[in-house]
Amino acid sequence: MAKYDVTYSCGHTGVVSLIGKNEERERKLQWYHDCGLCPDCYAAKLARENEMAEAKAEEQGLPKLTGSEKQVSWANSIRQNIIEKSESVSLNEKGKDFMKYILETETSASRWIDLRGYSIKELFGEYLNSYQAAQR
């Protein structure tokens, strides 16, 4: 492991530890320069995204999430990403109702975090039984 001085794309500098072959290290150093944000700028970017997601959820009338402050902040962003995914696929009316059911009933931040990599199809599979029970 070697330590390198880097200049991030945001203009800040720092020291990073890299392992691997020299060509991989050089590629990573170039990535830091071209795309990478320093830890402070990255944290600020995430905080802005999380604040925007929370405001958007409030606008949409979605229920507040429960959990720790960090969980809720992260989960709001995940929930908004899932909403955007659902809007990018063609859902029929039943699918839209199903999505609305999930958004209105799932209030656990930790659950949204668990669902973060799910496709819409996988998400629907997770909630199918409870949705069908609610329809009876």
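First measure r as the distance between the Cβ atoms of D5 and K45, then evaluate 1/(1 + (r/R0)^6) with R0 = 30 Å and state the FRET efficiency to the nearest 0.05.
Efficiency at R0 = 30 Å is approximately 0.85.
Once both axes come from the Cα atoms, what is the angle between helix 22-34 and the longest principal axis of the chain, in degrees from 0 to 90, rounded to 10?
Orientation of helix 22-34: about 70 degrees from the principal axis.
Which lysines have a Cα lying under 18 Å from the Cα of K94, excluding residues fewer than 8 positions away in the same chain?
K85, K121
Nearest 10 degrees, 0 to 90: what angle lies between the long axis of helix 69-88 and the longest principal axis of the chain (Cα atoms)?
70
For the Cα atoms of the chain, what angle does the longest principal axis make with the long axis of helix 93-105, in degrees from 0 to 90, nearest 10?
Orientation of helix 93-105: about 70 degrees from the principal axis.
Just tell me which aspartates and glutamates come within less than 20 Å, Cα to Cα, of K3; anything on the same chain fewer than 8 places away is out.
Reachable aspartates and glutamates: E23, E24, E26, D34, D40.
With bins 5 Å wide starting at 0, give me the P(r) of region 18-136 over every alpha carbon pair, in whole percents.
2, 10, 17, 18, 15, 11, 9, 7, 5, 3, 1, 0, 0
Every number in this text was worked out from the coordinates using simple rules, so none of it is lab data. Being a predicted model, the structure only gives us computed values, none of them experimental. Every residue, glycine among them, receives a Cβ derived from its backbone with ideal geometry; neighbour counts consider all protein chains shown.
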